[in-house]
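**Student:** Here it is, the structure, as structure tokens.
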Amino acid sequence: MNLDGIWEFAFTRDCEETPVYDSFAPVPGCFDAVGLRYGEHGCGWYRKRVRCTGKLRLNIASSGLRTTIFADGKKLGESTLAWSPFPVEFEAEDSEHEIVIRVDNLLECHPLFREFYDFYGFGGIYDHVTLEELVPGEIRSLQILPLDHQTGEVEIHVDTNAETLRLSFDGRPAETIPVQKSFRRFVPEFQLWSLNSPHLHRLTVNEKTIEFGIRTFDWSGKQLLLNGAPLKLIGVNRHESHPEFGAATPESLIASDLLQIKKAGFNFIRGCHYPQREFMLSMCDRLGLLVWEEPLAWGNNASHDRPKDFTEGAFMDTLAEQLELTIRRSINHPSLMIHGFLNECASNLPESRDAVKRLMNICHRLDSTRPAAFASNRLWEDICFDLTDLCAINVYPGWYSDMGIDSVAPALNEIAEKLGDKPLIISEIGASAIRGDHSGMRWSEEYQAELCSAVAEKVLRDSRFSGVAFWQFADANTYINNTMALTRPRGFNNKGLVDEYRRPKMAWNTLSKFFKS
Ligand code: ADA
């Protein structure tokens with residue numbers, strides 16, 4: 001049962017106050033994105049009466065920042081894994097039941113989200129809410145990992161308490177086997193998944209059907225390989241954000257963003273800086289776009305006045321939990337290529353090594369078919385590069401310095417010289433531009449376009465780089481606070497190649513022409 005639609009709504013400043021349901025709100029939706037409650041901090045209470053019975057699972061596909069679920073006044077569970085799916089199971093007698101979902105955007109008590117993050121932490125239900133009956137013997141999880149793009153061999157992992165498995169590829173007659181946790185098969189008459197021809201197969205086990213693609217990644221040398229052929233990632237960083245919808249971006253908007261990105265000639269999206277929506281990954285599967293996905297984090301421990309997230313509080317445990325959940329949830333998507341984590345953390349501190357090792361271990365334990373890395377902004381002081389599968393560098397030559405566009409190529413050369421032994425990705429680079437500013441100076445469309453051209457010239461023509469992800473696809477909401485008041489005009493990070501309404505700036509057109517030349 002899909003529970004999207006109109007819910008009764010109440011707003012309180014904190015979680016202790018009693019809600020008064022004097023309004024209505026859409027689900028999905030963010031209460032603080034637009035209109036009456038724009039920019040407010042507090043709790044949004046969503047209430048609905050639902051007729052249901054039996055053993056049930058209520059699932060919120062994505063929400064934030066903290067989500068609490070109640071049924072008939074009883075708390076069923078609370079999640080601080082913002083942006084991740086949040087399922088709760090409960091039993092109900094046959095009658096109408098009151099479901100309440102409380103979401104808050106209160107920053108001070110969140111284990112993963114911090115007020116200094118450079119993107120807006122919207123309060124709301126970002127994605128679908130569903131209610132389903134639990135079926136005895138259901139397939140709790142079904143994972144498929146392609147092992148060989150030449151033979152179509154795959155490894156299948158099943159978690160169920162059913163006794164037998166009925167297994168079928170692409171609707172062919174089913175094979176019945178006793179339950180096994182993991183086993184291998186050759187996919188009959190398989191076709192490869194590639195950027196130009198992203199073919200999808202289906203696997204059905206009992207009542208559950210999943211989609212997958214047959215393709216392999218290799219990162220054992222200095223190059224990235226997709227299906228055995230050298231791969232250069234040409235990408236954008238993308239926030240799931242829009243000024244009118246907040247993080248509850250409609251699927252039509254996600255689809256249009258991804259088509260715009262593909263059509264311009266990009267092949268890669270770094271989904272920053274939190275787990276991606278299921279719809280986004282499924283669209284990338286179909287369009288032939290590769291994805292970097294990471295759990296929620298940003299600049300942790302990076303300056304002396306920030307919390308000691310590596311060693312104190314609940315940050316590391318919550319992050320590890322979200323990383324594990326994210327990998328398990330996304331593992332079947334052929335578009336998913338890189339497991340990321342800890343964007344721009346203090347990877348110069350001795351304690352960062354334990355944090356990075358712990359997260360790399362999770363990635364390798366759950367998935368040996370994809371590389372894992374974090375995006376570092378500490379080229380010279382970083383002490384963790386030896387721990388990751390790829391080197392990923394965020395760097396802003398010609399922007400966060402007094403030097404101009406001439407500094408782009410030398411800065412990139414320096415990076416390539418220092419980091420030569422693994423595939424190297426420039427995971428962020430770019431400049432701000434206010435759409436409509438044609439002064440030719442910093443902040444103008446011309447300056448941004450010229451800087452992005454210099455990056456493309458260098459990275460795409462120099463074989464020492466395995467890829468680049470421009471910062472960023474679209475202008476996105478952030479906070480105007482003490483440290484960023486002057487650099488985030490309008491309350492946006494304005495480094496979008498398109499503005500917040502996806503209207504191209506010059507850099508977008510320049511890059512897309514460059515990719516096609
Ligand atoms: C960092 C960070 C981004 C964004 C960017 C910028 O590299 O990872 O989220 O804040 O800087 O615009 O300065």
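**Student:** I'd like to know if the stretch 275-292 contains one or more residues that are away from the ligand (no atom under 16 Å from the Cβ), touching a His at 6+ places or on another chain (Cβ under 9 Å) and part of a strand (DSSP E or B).
**Tutor:** yes
**Student:** Follow-up. Just checking, does the stretch 288-304 include any residue being of a type outside the set (A, V, I, L, M), touching a strand residue (DSSP E or B) at 6+ places or on another chain (Cβ under 8 Å), assigned by TED's automatic domain parsing to the domain that holds His273 and surrounded by fewer than 23 Cβ atoms within 10 Å (Cβ to Cβ)?
**Tutor:** Looking through the stretch 288-304, at least one residue is of a type outside the set (A, V, I, L, M), touching a strand residue (DSSP E or B) at 6+ places or on another chain (Cβ under 8 Å), assigned by TED's automatic domain parsing to the domain that holds His273 and surrounded by fewer than 23 Cβ atoms within 10 Å (Cβ to Cβ).
**Student:** Which one is farthest from the ligand (Cβ to nearest atom) among residues in the stretch 385-435 that are hydroxyl-bearing (Ser, Thr, Tyr) and crowded, with 21+ Cβ neighbours inside 10 Å?
**Tutor:** Per the stated criteria, the residue is Thr388.
**Student:** Are there any pairs with C-beta distances below 7 angstrom linking a residue in the stretch 472-501 that is aromatic (Phe, Trp, Tyr) to a residue that is more than 10 Å from the ligand (Cβ to nearest atom) and not in a loop (DSSP other than H, G, I, E, B), with the two at least 6 apart or on different chains, and if so which?
**Tutor:** Phe473/Val236; Phe473/Arg238; Phe473/Asp257; Phe473/Ile261; Phe473/Val498; Phe492/Asn477
**Student:** Restricting the first residue to the stretch 285-305 and requiring it to be over 16 Å from Leu342 (Cα atoms), which pairs with a second residue that is within 15 Å of the ligand (Cβ to nearest atom) and not β-branched (Val, Ile, Thr) meet a Cβ separation below 8 Å and a spacing of at least six or different chains?
**Tutor:** So the pair list comes out as Leu290/Gly235; Val291/Arg270; Val291/Gly271.
**Student:** Here's a check for you: in the stretch 480-509, which residue that is more than 11 Å from the ligand (Cβ to nearest atom) and among the aromatic types (Phe, Trp, Tyr) is nearest to Ile254 (Cα to Cα)?
**Tutor:** By that ranking, first place goes to Tyr501.
**Student:** Which of the residues belonging to the stretch 355-384 are crowded, with 18+ Cβ neighbours inside 10 Å, assigned to a loop (DSSP other than H, G, I, E, B) and among the polar types (S, T, N, Q)?
**Tutor:** Scanning the stretch 355-384 gives a single hit, Asn377.
**Student:** What pairs come up if the first residue lies in the stretch 148-169 and is in contact (Cβ under 8 Å) with a residue 12 or more places away in the chain and at negative phi, the second is small (Gly, Ala, Ser) and part of a strand (DSSP E or B), and their beta carbons are under 7 Å apart, counting only those six or more places apart or on different chains?
**Tutor:** Glu155/Ser182; Ile156/Ser182; His157/Ser182; Asp159/Ser141
**Student:** In the stretch 108-121, is there at least one residue being closer than 30 Å to Leu253 by Cβ, assigned by TED's automatic domain parsing to the domain that holds Glu40 and away from the ligand (no atom under 16 Å from the Cβ)?
**Tutor:** Scanning the stretch 108-121, I find at least one residue that is closer than 30 Å to Leu253 by Cβ, assigned by TED's automatic domain parsing to the domain that holds Glu40 and away from the ligand (no atom under 16 Å from the Cβ), so the answer is yes.
Listed here are the residues, each with its yes/no results for (1) buried (at least 18 other Cβ atoms within 10 Å of the Cβ); (2) assigned by TED's automatic domain parsing to the domain that holds Ile99; (3) not small (Gly, Ala, Ser).
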{"residue": "Ile156", "(1), (2), (3)": "yes, no, yes"}
{"residue": "Ala162", "(1), (2), (3)": "no, no, no"}
{"residue": "Phe169", "(1), (2), (3)": "yes, no, yes"}
{"residue": "Ala174", "(1), (2), (3)": "no, no, no"}
{"residue": "Arg185", "(1), (2), (3)": "no, no, yes"}
{"residue": "Ser197", "(1), (2), (3)": "no, no, no"}
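**Student:** Would you mind finding the one in Ile269, Ile254, Ile234 that is assigned to a helix (DSSP H, G or I) and closer than 22 Å to His339 by Cβ?
**Tutor:** Ile254 is the lone residue from the list that is assigned to a helix (DSSP H, G or I) and closer than 22 Å to His339 by Cβ.
**Student:** If you don't mind, another one. If Ile269 satisfies every condition in (1) modelled with pLDDT of 95 or more; (2) more than 16 Å from the ligand (Cβ to nearest atom) but one, which is the exception?
**Tutor:** For Ile269, the exception is condition (2).
**Student:** Same structure again: Give Gln150, Gln143 a once-over and let me know the one that is under 22 Å from the mean Cα position of the chain (by Cα) and closer than 30 Å to Gly213 by Cβ.
**Tutor:** Just a single option satisfies the conditions, and that option is Gln143.
**Student:** Output the residue which, of all residues in the stretch 293-318 that are under 13 Å from Glu351 (Cβ atoms) and not in a loop (DSSP other than H, G, I, E, B), is nearest to the ligand (Cβ to nearest atom).
**Tutor:** Phe315
**Student:** Among the listed residues Gly54, Gly29, which satisfies the condition of being at pLDDT 95 or above and over 17 Å from Val129 (Cα atoms)?
**Tutor:** The conditions single out Gly54.
**Student:** Any idea how many residues of the stretch 16-35 are assigned to a loop (DSSP other than H, G, I, E, B) and over 28 Å from the mean Cα position of the chain (by Cα)?
**Tutor:** 7
**Student:** A follow-up question, please. Mind checking which residues of the stretch 442-476 are open to solvent by less than 10 Å² (accessible area, probe 1.4 Å), within 16 Å of the ligand (Cβ to nearest atom) and more than 21 Å from the chain's Cα centre (by Cα)?
**Tutor:** Gln448, Leu451, Cys452, Val455
The values are calculated or read from the model by the stated rules, or taken from the named source; none is laboratory data. None of these values were measured; they are calculated from a predicted model. Positions of Cβ are backbone-derived with ideal geometry, glycine not excepted, and every protein chain shown enters the neighbour counts. With ligands, DNA and RNA removed, areas are computed over all heavy atoms of the protein, side chains included. Shrake-Rupley method; radii C 1.70, N 1.55, O 1.52, S 1.80 Å.
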